[in-house]
Each structure stands twice: as C-alpha cells, then as structure tokens.
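Coordinate-derived values only; no laboratory data. Just so it is clear, the model here is predicted, and its values are computed rather than measured.
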Amino acid sequence: MKTFIKNNLKIIFLIILIIGLYSGLQFFINFNLSDQINGIIRWIGIFMLLLLGYHYSKLTTWIFIGMIVGAEIGYDFPALGIELNILSKIFIKMIKTIIAPLLFGTLIVGIAGHSNIKQVGRLGWKSLLYFEVVTTIALAIGLIAINISKAGIGINHTGIKEELPPNIQAQGWKDLVLHIFPENFIKSIADGQVLQIVVFCLIFAISMMFVDKKVKRPILEFAESLSAIMFKFTDIIMYFAPFAVGGAIAYTIANLGIEVLHNLLLLLVTLYIALIVLVLFVFLPIIWIAKIPLKRFIKYVTQPVSIAFGTASSEAALPSAMENMEQFGVTREVVAFVLPTGLSFNLDGTTLYLALAAIFVAQAGGIELTISQQIIMLLTLMLTSKGVAGVARASLVILAATASSFGLPEWPIAAILGIDALMDMARTAVNTFGNCLATVVIGKWENELNIPNHDD
C-alpha cells in the first residue's frame, strides 16, 4: 500500500490541491452542482488526505487531517458531529490529569535542581530577572493583540450554551490574594487550582535549597523521574489528539456552522503578528541596547531556530543552540546554565501564545473579562508558564489549567488544537531565538562574552 502511495504521491497531491481549490471557491462562486455531488468531491479529497496521512504517519499530519474530516462530518452529518463531542471531552479530561504532577516535577527540578542560591549567585538572579521581565512583556503583547483582533468574538455559541460555566463574579483584591495560597495541596489538585499548586511547589522547591544534599536527593530524583514520565504520558495522550480534534471541530461546526473556521484563522494571524511584534520591538531593541553584533548573532542563531521551527520542539534545538552560542563567544559555564534553565523559564513565544489563547477561549465562550481579571490571568500565566517544557504542544496543558482556574469553557481549547501545529512551530522558533538572546545578554552582563575580532 505504501509503495503504491509513494509511486503516486504527486498525483495524490495534485488531486488534493484541485479539490481544495474547488471547495474554497464554493464559498464565493456557485458552480450549479448539487450538494450531493459537491459532498462526493470533498470526500474524495478526504480519502486522498487519509492516504497521505498513512504515508507520512506523523502526528501533526494526522491532527490536520482530523480537523478536515471533523469539519466535513460536522457539515454533512450534524447529528453525528454533535455525538462525536465525547472524543474531545475524553481528551480534555486526560490533559487535566497531567497538570498537577507535571507542574510539581518541572518546577521542583527547575528550581531545586538548578537554582541553588548559594552556588549560582549572581548568574542565577540575573537570569531569572531577565526571564521574568521579557516573558511578562511577551504576555502583555499577547493580551493586547487578542484584545485588538478580538478573534474569538462573533462565534454564535448559543448552541452549546449548556457547556458554558456561569460568568466570573467580581472579586475584591483580598479575595484574589487569598485565592492564590493553598489551604490543602490535595484539595487544590482536586479542584484544579493551578496557581495554588504552583505556589506550593515554589515554596517546596525553595525549602529544598536549604536542606542537606542527602535529604533532598531522593525528592529531586523523584521529581526528575516524575516529569520525564509525565512528558511521555503527554506523548501517549497526543496520539489521541487527531480523534479529539476531529470530534471537537465536528461538534463546533454542527452547532456553530462553518464560519467558526474564520475565527480560528484570525487567531492564527493574530499570533504570527504578535510574535513579529515581539521580535521587532522587544528582541531587536535588546540586541541594540546590549550592543550585540546583529549579523553575527543571526548567523549563529539561524540553525537552532530552524530546527525549532521544523520540529516544534525547543528540546530538539537545544544541542545546536548550546554549540552555536559557545561558537558565538559565550563561555561554556554561562551557556550550560542559561539555556537549560531558559528551556523552562524563558519560553517567550509560548507565554505570548498562552495569554492570547486564554483570552480567545473567553471570547469564544461569550465571557467578558475585565481589565483587572485579565491582569490577574497575566500574573497567573507568568507563573504557570514556567512549567511548560520545550516539547511539542505541552502548552496545551497550561492552557487547559488556566481555563479551568478562571471558569472558561473547554470546547474552544479542543478547536484551537486543530491549528495548533501551525502556531506551535512559530512560537517554538521564537522560544529558541529568545533563549539564545538571553544567553548572550547574560554572558555580556557577567563579562563572559568573548567575540573574536575577525568575526565582527
């Protein structure tokens, strides 16, 4: 079968292209063909896509195919599309099970494993200060961008109103502050209060810094094993993602119509524009202020950024980034500390996406968030985003946690997953670019940057 597909790959691509163009033109031009014939033509295209998915056998490809199949089912068979919503519900439930153990493992390892105050000293606090400033700016850009584009507004969600939680009640600042601190760690996990989980983990990790190595070693090893296992857990769940995406898109289109795809496209465009703004108006000024040679930096950052974009994984780009930053002129000690730490604490593209996507979810659900509520969400994401690892679609876990904490609907999250592959590549590339820049900036701050004169 694969041999047949391989030999006729160009023909399959051509058929998909022609049918795709034909289907797209249907929105603008009426070819006077019956709905049945148009449906048959579209399903022929879907069959070709399935052959393509069988050939490439990549998760990203199958997620895209799942989105197309789900859209067609929701359009042609709305009753079936509504029933398929159970697939996305199962997926979201499984994602939620990851949140607490993943945050516990990653934050313990990230802080207690690397941020020993007595050993790291100035390098530690300078790195963390830089990370927090830049990621907070990235979050703010995400919030501003989605409030300008309003990509989630306009979706007629009355058909799924029963799934929407009640509107968020206004709270005083005392209530908001008290809500941050857990009274029972297990209860916080059961209630999905991700910020309380983060606060507990932060205090727990800081406490580990001040105990004997023999005492903290078992916990640290447990946290490392737990985080590694939970990432594999995430990988396993992601194999179910094409079915979840298909079910979510089918359900959404069955209830809301094909027009919802316009909102998802607008979300995608908003993200790309926001990331470009981050690079042009935040990263480039930092390069200028720090007096970093731009051409040389671009030369050495191109390879790891390309790997990050192609694989949608910051971890995959890490070896190349470490090697290239040393060649750029940063000392090995700084590179070895900043880049791995930044993998959890300095994911600028991902944090921007999380702010943008969280507000999109609220807009899609018809929930109006005040400025103060959005700021609280920003502060929450500023902390929870530190638990995001540099693996593909791990940010979905944090997005689901944030939505749960703020009483936002779940169905837009599964719908977003349909275009998440396209968003993931861009934000991961920005993550790697920002991490490399942070390494150079910290290196220069510590006088650990030695650029050869002949390469200037």
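Quick notes
- With Cα atoms as the point set, the radius of gyration and Dmax of segment 261-353 evaluate to 14.7, 48 Å.
- Which listed pairs, of Lys187/Lys214; Lys126/Lys295; Lys213/Lys444; Lys93/Lys187; Lys58/Lys96; Lys187/Lys232, have C-alpha distances above 20 Å, in listed order: Lys187/Lys214; Lys126/Lys295; Lys213/Lys444; Lys58/Lys96; Lys187/Lys232
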